[in-house]
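**Q** Let me give you the structure first, and then I'll get to my questions.
The values are calculated or read from the model by the stated rules, or taken from the named source; none is laboratory data. Note that this is a predicted model, so its numbers are computed, not measured. All Cβ positions, glycine included, derive from the backbone under ideal geometry; neighbour counts span all protein chains shown.
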Amino acid sequence: MRKTADIVIIGGGIIGLSIAYHLALKRPGKVILLEKGQLGEGSTGRSAGGIRTQFSTEINIRFSLESLKTFERFEEEFGIDPEFKRIGYLFLATTDSEKEIFKKNVSLQRRFGIPVELLTPNEIKARWPFLRTDDIVAGTFCSWDGYAGPSEVLSGFAGGAKRRGVEICEGAEGAEVIGISVVQRKVRGVKTKKGEILAPVVVNAGGPFASSIGEMAGIQIPVKPLRRQLFVTAPFHLSDRTVPLTIDFHRGWYFRQEVDGLLLSGPQDQEPSFNLSVDYEAMAEASENGTYRVPALEKACIARGWAGLYEISPDNHAILGKVPEMEGLILANGLSGHGFQHSPAIGKVIAELITEGESRTIDIAPLSIERFKKGQLIVEPMTAFRG
Ligand SMILES: Cc1cc2nc3c(=O)[nH]c(=O)nc-3n(C[C@H](O)[C@H](O)[C@H](O)COP(=O)(O)OP(=O)(O)OC[C@H]3O[C@@H](n4cnc5c(N)ncnc54)[C@H](O)[C@@H]3O)c2cc1C
């Protein structure tokens, strides 16, 4: 089998599908998306679905605000309810240095018009009495934040892309990319188990596999897969009030409502791997962090758990755009735990870059892979939290 396309996208997670959809809106010719397994089976299907504006760098805030526009009108645009629940994110600080970081974040976020509140421990206790607050020194809350359903959003992008002519091939159809053809530093197409697809533009949207896809073209992409485990309790009523997505910043632990139960974060690995197993120690740590911060959780029991892979870049920011030494290769990698919530804006800027030569919506130059060679890493004070 030998096919031709104008653009091939490798990876059928939320990033690849958002790019496919946003490209299709611009009618760029033939677009083929290749997914080695099933759409969404990678990090996307294992995500907690969190959406926040409370970031600590300008570029991430820009991606959040742009993406929020899509989440707000998702049903209108895609005909699917994304289950976007604006329960707010509540960050808790337990040390003075964390409080200082929070204060700086609040002033940055307010510059963008984000209505974030800086709260005292007493205010936190009054609003969310189920939280242990004796060790808390400050908190921040933003009611614009919340979570949505990764599979609903993925279906929206996939359906929208298909309706506009994107060809989507999944694993059963031999869609795994096993090589990238290169001639004189120009991409010529991809090799799959079923044959070759010739295309002058190839997008790497391989999530935690970004680095191995880069190697197929002889390009080193510094993205590491790091396992994170999540757990969900059996049905548990914590409060009649809305429970925000609450982050115990120091412990790197968070929880939120998940249907009738509660979703509790487990630990994230320090060493890279593709390990997707769930272990007892992680469940014990999730429970211990949970009962420490929310004493009523002593009566909850964990019903299930799963693990997924973060796709971490050296400065916890995305790696987006062209690769100077390889014409035709486009990167949409290293989302570092924010890929679900930033997927609408990432699809849009990558589609602009491919069809118009530059991204107008957000300047993605600071996110170029070149920054690692030039030592221009982005400083992120909040790396302890992902999601
Ligand atoms: C536990 C956990 C919780 C998270 N919580 C949040 C959150 O609250 N909010 C948030 O915004 N983000 C969150 N994230 C991060 C988010 O899930 C990711 O950033 C996002 O899903 C990345 O999407 P992606 O499309 O790049 O990757 P993926 O969804 O992994 O998709 C990449 C796809 O590429 C395919 N692929 C790889 N190699 C090949 C090949 N050679 N040929 C063909 N196909 C290939 C894979 O099979 C995969 O389906 C979380 C992640 C984890 C692990």
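**Q** Does the stretch 348-370 hold any residues that are outside any loop (DSSP other than H, G, I, E, B), closer than 23 Å to Arg27 by Cα and either of a type in the set (Phe, Trp, Tyr) or touching a Gly at 6+ places or on another chain (Cβ under 9 Å) (or both), and which are they? Write out each step before concluding.
**A** Of all residues in the stretch 348-370, those outside any loop (DSSP other than H, G, I, E, B) come to 348-356, 365-367, 370.
Those still in the list that are closer than 23 Å to Arg27 by Cα too: 348-356.
Those that are outside any loop (DSSP other than H, G, I, E, B), closer than 23 Å to Arg27 by Cα and either of a type in the set (Phe, Trp, Tyr) or touching a Gly at 6+ places or on another chain (Cβ under 9 Å) (or both): Val349, Ile350, Leu353.
**Q** Going residue by residue through the stretch 367-386, is there one that turns out to be outside the structural domain of Pro235 (by TED's automatic domain parsing), over 20 Å from Ile9 (Cα atoms), within 14 Å of the ligand (Cβ to nearest atom) and charged (D, E, K, R)?
**A** Yes: the stretch 367-386 contains one or more residues that are outside the structural domain of Pro235 (by TED's automatic domain parsing), over 20 Å from Ile9 (Cα atoms), within 14 Å of the ligand (Cβ to nearest atom) and charged (D, E, K, R).
**Q** Continuing with the same structure: Among the residues of the stretch 175-187 satisfying the criterion of being within 12 Å of the ligand (Cβ to nearest atom) and of a type in the set (Gly, Ala, Ser), which is surrounded by the fewest Cβ atoms within 10 Å (Cβ to Cβ)? Before the answer, list the steps.
**A** First, the residues of the stretch 175-187 that are within 12 Å of the ligand (Cβ to nearest atom): 175-180.
If we keep only those that are of a type in the set (Gly, Ala, Ser) too, we end up with 175, 179.
Working: Ala175: 22, Gly179: 12.
Within the stretch 175-187, the match that is surrounded by the fewest Cβ atoms within 10 Å (Cβ to Cβ) is Gly179.
**Q** Looking only at the stretch 81-99, decide whether some residue is charged (D, E, K, R), in contact with a Leu (Cβ under 9 Å, 6 or more places away or on another chain) and within 16 Å of the ligand (Cβ to nearest atom).
**A** Scanning the stretch 81-99, I find no residue that is charged (D, E, K, R), in contact with a Leu (Cβ under 9 Å, 6 or more places away or on another chain) and within 16 Å of the ligand (Cβ to nearest atom), so the answer is no.
**Q** All but one of (1) farther than 27 Å from Val232 by Cα; (2) near the ligand (Cβ under 9 Å from one of its atoms) hold for Phe63, so report the exception by its number.
**A** All conditions are met except number (2).
**Q** Can you find a residue in the stretch 295-303 that is within 16 Å of the ligand (Cβ to nearest atom) and either crowded, with 19+ Cβ neighbours inside 10 Å or at pLDDT 95 or above (or both)? Steps first, answer last, please.
**A** We begin by selecting, within the stretch 295-303, every residue within 16 Å of the ligand (Cβ to nearest atom); these are 302.
The next check asks that each one be either crowded, with 19+ Cβ neighbours inside 10 Å or at pLDDT 95 or above (or both); those that pass are 302.
The answer is yes; a qualifying residue exists.
**Q** Here is a follow-up. Tell me the residue from Ala126, Ala161, Ala172 that is part of a helix (DSSP H, G or I) and away from the ligand (no atom under 15 Å from the Cβ), please.
**A** Just a single option satisfies the conditions, and that option is Ala126.
**Q** Would you confirm whether or not the stretch 30-40 contains a residue that is buried (at least 24 other Cβ atoms within 10 Å of the Cβ), more than 13 Å from the ligand (Cβ to nearest atom) and either of a type outside the set (A, V, I, L, M) or over 30 Å from Arg293 (Cβ atoms) (or both)?
**A** Within the stretch 30-40, one or more residues are buried (at least 24 other Cβ atoms within 10 Å of the Cβ), more than 13 Å from the ligand (Cβ to nearest atom) and either of a type outside the set (A, V, I, L, M) or over 30 Å from Arg293 (Cβ atoms) (or both).
**Q** Would you call Gly139 touching a strand residue (DSSP E or B) at 6+ places or on another chain (Cβ under 8 Å), away from the ligand (no atom under 16 Å from the Cβ) and in a loop (DSSP other than H, G, I, E, B)? It would help to see each step written out before you state the result.
**A** Numbers: touching a strand residue (DSSP E or B) at 6+ places or on another chain (Cβ under 8 Å): yes; away from the ligand (no atom under 16 Å from the Cβ): yes; in a loop (DSSP other than H, G, I, E, B): no.
When the stated conditions are applied, Gly139 does not pass them.
**Q** Right, another one. Please find, among Val223, Val201, the residue that is over 20 Å from the mean Cα position of the chain (by Cα), at pLDDT 95 or above and buried (at least 19 other Cβ atoms within 10 Å of the Cβ).
**A** On the way: Val223 fails: over 20 Å from the mean Cα position of the chain (by Cα).
When all the criteria are applied, what remains is Val201.
**Q** Kindly provide the set of residues from the stretch 314-353 that are within 11 Å of the ligand (Cβ to nearest atom), closer than 27 Å to Ser181 by Cα and of a type outside the set (A, V, I, L, M), ordered by number.
**A** Asn333, Gly334, Gly347
**Q** Another question, if that's okay. Within the stretch 368-381, take every residue that is of a type in the set (A, V, I, L, M) and touching a helix residue (DSSP H, G or I) at 6+ places or on another chain (Cβ under 7 Å) and give me the one that is surrounded by the fewest Cβ atoms within 10 Å (Cβ to Cβ). Break it down stepwise before answering.
**A** From the stretch 368-381, those of a type in the set (A, V, I, L, M) are 369, 377-379; that's our starting set.
Then keep just the ones that are touching a helix residue (DSSP H, G or I) at 6+ places or on another chain (Cβ under 7 Å); that gives 377-378.
Details: Leu377: 13, Ile378: 17.
Ranking the candidates gives Leu377 first.
**Q** Pick from Leu331, Leu335: which is assigned to a strand (DSSP E or B) and closer than 23 Å to Ile51 by Cα?
**A** On the way: Leu335 fails: assigned to a strand (DSSP E or B).
Result: Leu331 is the single residue among Leu331, Leu335 that is assigned to a strand (DSSP E or B) and closer than 23 Å to Ile51 by Cα.
**Q** Provide a single number: the residues in the stretch 343-387 that are closer than 30 Å to Ala93 by Cα and over 19 Å from the mean Cα position of the chain (by Cα).
**A** 2
**Q** Output yes when any residue across the stretch 75-86 is within 30 Å of Arg164 (Cα to Cα) and without any contact (Cβ under 8 Å) to a residue 12 or more places away in the chain, and no when none is. Before the answer, list the steps.
**A** Step one: list which residues in the stretch 75-86 are within 30 Å of Arg164 (Cα to Cα), which gives 75-85.
This time we only want the ones that are without any contact (Cβ under 8 Å) to a residue 12 or more places away in the chain, so: 75-76.
Taking every residue of the stretch 75-86 in turn, at least one turns out to be within 30 Å of Arg164 (Cα to Cα) and without any contact (Cβ under 8 Å) to a residue 12 or more places away in the chain.
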